1. Carbon-plus-sulfur fraction of the accessible area of region 31-181, 1.4 Å probe, in percent?
2. Can you give me the accessible area per residue for region 1-131, using a 1.4 Å probe, in Å²?
3. Which of LEU261, LEU175, LEU96 ends up with the largest GNM mean-square fluctuation for the chain, with Cα atoms connected below 10 Å?
4. Which of LEU72, GLY25, ASN93 sits closest to the plus end of the dipole of the chain, meaning its Cα is farthest towards the positive end, when Lys and Arg get +1 and Asp and Glu get -1 on the C-beta?
5. Among HIS112, HIS47, HIS165, which one shows the highest mean-square fluctuation when the chain is modelled as a Gaussian network with alpha-carbon springs under 10 Å?
6. Rounded to two decimal places and with Rh computed the Kirkwood way over Cα pairs, what is Rg over Rh for region 178-276?
7. Stick to the Cα atoms of region 97-185, pair each with every other, and give me the Kirkwood hydrodynamic radius in Å at one decimal.
8. Just to confirm a number: summing +1 for Lys and Arg and -1 for Asp and Glu over residues other than ALA86 whose beta-carbon lies under 9 angstrom from that of ALA86, what do you get?
Amino acid sequence: MSERQPRFEWIMEPGTGKALEVRKGQILRIEQVLGAQCVDFNCFNLHDYKEFMHCGRTRTVHGFNPGKGTYLWSAPPRERAMMYIAEDTYGRNDVLFPRCSAYLYESAYGYHTHTNCHDIQSEAQREYGLTPDDVHDSFNMFMCTEVTLEGSATITRQQSKQGDHIDLIALMDVLAVPNVCGADVMRTSNFGLKPIKLQIFDATDEEMAAIPQTPTLNSQRTPKDFVNSQIKATRELVPDAAYVPQFVNTPLQETPVDIDLDEKEVARFEALARRSIYGNDDASSLRDIVFSWWENRYLNSASGAPRISAQKK
């Protein structure tokens with residue numbers, strides 16, 4: 001598909017998201033620019049925002065890690081296939097963990113101000129008149145998670161590379177809202193925030209024909225079937241011509257900090273640096289070391305502090 005010219009192209013910078021109208025029969029490609037960046041994703045029926053992607057239904061049908069050949073399903077009572085994953089070059093996604101939020105970073109980490117997926121989604125969706133209450137549980141792309149035999153959910157490091165991408169074919173007109181995940185203090189995106197490339201293409205007849213058909217059942221109810229169909233909201237999603245993005249915590253700024261180490265400290269750092277994962281990225285290595293210490297000291301303690309489980313690999 002790379003030789004086709006996109007209808008739309010956008011680079012999402014860290015701290016931002018983008019609301020996109022993707023029409024039935026179009027492909028939304030979400031691509032790694034540098035690699036190892038999680039993307040949170042919301043999706044709404046463009047003509048009835050009360051129909052939205054439902055992680056619970058998607059998880060029930062396709063498991064914790066949906067990938068190529070699976071669907072994104074809408075919430076009950078609609079329960080329709082909204083988008084189809086036609087390609088997934090990395091193959092690790094998540095529908096188990098919730099989006100990160102301002103509360104998470106303040107309660108668990110003590111940050112009074114921190115970029116987070118809920119606020120980013122809220123701002124991106126505001127272009128179409130949606131509120132923070134309309135943000136739903138996200139499809140977490142390129143996010144590596146596991147569930148242990150004991151039932152604990154864990155986040156592990158990811159190894160997606162530049163050019164890895166996910167192609168989503170719209171099966172109805174949708175408002176698709178990806179955002180650059182704001183989690184830079186955990187392993188979700190390997191302790192970093194990096195840009196993501198977005199493109200929209202027209203699907204070919206062959207690509208549409210290759211999508212397995214899903215049944216149409218009486219149990220898939222829409223407002224015409226409701227006893228009370230008077231929902232107190234405007235159904236059509238249209239952009240606000242006066243909309244100006246006001247993403248919180250942006251533009252993000254980086255401040256280099258020099259740390260002088262003696263020979264023993266350098267040796268100790270190298271022993272813990274996990275060069276096979278981070279290469280020469282000393283900053284990410286150091287964040288991982290500090291996170292591991294903090295995790296063992298506080299998160300996994302019996303002190304009652306908020307617990308975030310993360311498994312080393």
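1. Details: 2620 of 5250 Å².
That fraction is 50 percent.
2. Details: 5220 Å² over 131 residues.
Solvent-accessible surface per residue comes out at 40 Å².
3. Ranking LEU261, LEU175, LEU96 by mean-square fluctuation puts LEU261 first.
4. Comparing the listed Cα positions along the dipole, LEU72 ranks first.
5. Maximum among the listed residues: HIS112.
6. Numbers: Rg = 25.3 Å, Rh = 21.4 Å.
Rounded to two decimals, Rg over Rh is 1.18.
7. Working: mean 1/r = 0.0658 Å⁻¹.
Evaluated over region 97-185, this radius sits at 15.2 Å.
8. Local charge sum for ALA86: -3.
The values are calculated or read from the model by the stated rules, or taken from the named source; none is laboratory data. Nothing here was measured: the structure is a model prediction, and the numbers come from that model. All Cβ positions, even for glycine, are placed from backbone atoms using ideal geometry, and neighbour counts span all protein chains on display. What goes into the accessible areas is simple: the full protein's heavy atoms, side chains included, and nothing from ligands, DNA or RNA. Shrake-Rupley method; radii C 1.70, N 1.55, O 1.52, S 1.80 Å.
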